[in-house]
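Report on the structure given below.
Only the coordinates and a few stated rules stand behind these numbers; no lab work does. This one's a predicted model, so the numbers in the text were calculated from it and none came from an experiment. Cβ atoms come from the backbone with ideal geometry, glycine included; neighbour counts cover every protein chain shown.
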Amino acid sequence: MSSRYDSIKLRLLTVQKLRLIKKSYAYSELAKYTGLPEAVLCRYVKGSVLPSEETAIDLWNKLENIESLSSLIKKKVRFTPDGFIDVTEIICDPYILSHAAQYVAMKFAGRRISKIMTAEINGITLATAISVTLEKSLVIAKRNKEVGIRDYLEEAYPSESSAELRTLYIPKGIIKSSDEVLVVDDIVRTGRTLNALINLIKKSKGKIEGIFVLMEIGKDWRRKIRVKCPIETAVTINSSRIRTGGIGKKRKGLFK
């Protein structure tokens, strides 16, 4: 940890994760999985005491084995018969969003982040949860200009089909040269939207501190990202299974 504040925050995040998982498990079960006495776990949950930093890291890893963000997503993700992904149950589930926000806080612990950025529409709930947990400002790149805002920065990019251009807008000055930005998205297939967000940050003279993606379809998109920064993804989906469609209930080989 880079500071006492970071250490305390890590310990608090671990307790928050424990509280989330406690909703689905009894203390006796958690004691069995974590190796900690029920009384100790109870004191953590009630906030009577915080675990030490060393204990918090060990407890976090054990809690991940009980119920990880990736396992939650895999349970909730739905696919249409032609292979499209339906993330409605994921991006509207406060339990998953809380887990995702805590996951990001742990993965990017110690990094200097001043703003969270995403593109509308599906990424908004995820980015908001992360923004609240990290206590950082949220920037939403929108597909239309709003009345009342005079100056915008804009970035056009090809749609998934490459048959048309889409444009993202942010108010000029909302990202400053001193800002260090974490870019967030729910699903990435080609990386085009991410690159558009990255270009908007560059136009603002800000710095890209990292990228978090809830679900990635294959890993080819990573080679196309126009910045070097840490990239974290919760779930990777086999791109060949998506392309062939007809997934139905046959989920074997779907996740990597």
* To do: DSSP loop (so not H, G, I, E, B), at most 12 other Cβ within 10 Å: list which trypsin sites (Lys or Arg not before Pro) in region 123-225 pass both filters.
  => R143, R150, K176, K205
* Asked: Counting alpha carbon pairs within less than 8 Å and at least 6 residues apart, what relative contact order, in whole percent, applies to the chain?
  -> 16
* To do: May I ask you to list, by number, the DSSP H helices of the chain whose Cα span along the axis is at least 15 Å and whose average Kyte-Doolittle hydropathy reaches -1.0 or more?
  => 4-22, 53-66, 94-107, 123-134, 192-203
* Starting with the highest mean, order 47-55, 115-123 by the number of other Cβ atoms within 10 Å, averaged over the residues of each peptide. => 115-123, 47-55
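Just from its helices, what would the mean residue ellipticity at 222 nm be for the chain, if runs of 4 or more DSSP H residues each count -39500 (n - 2.57) and the sum is divided by every residue, rounded to the nearest 500 deg cm²/dmol?
Taking each H run of at least 4 residues, the total per residue is -12500 deg cm²/dmol.
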* Structure fact -> Computed on Cα atoms, the radius of gyration and Dmax of region 13-73 in angstrom are 10.6, 32
* Asked: Which lysines have a Cα lying under 17 Å from the Cα of K76, excluding residues fewer than 8 positions away in the same chain?
  -> K249, K250, K252, K256
* To do: Please list the non-local residues whose amide H lies under 5 Å from the amide H of F255, H modeled 1.01 Å from N, same-chain partners needing a gap of 5 or more.
  => N238
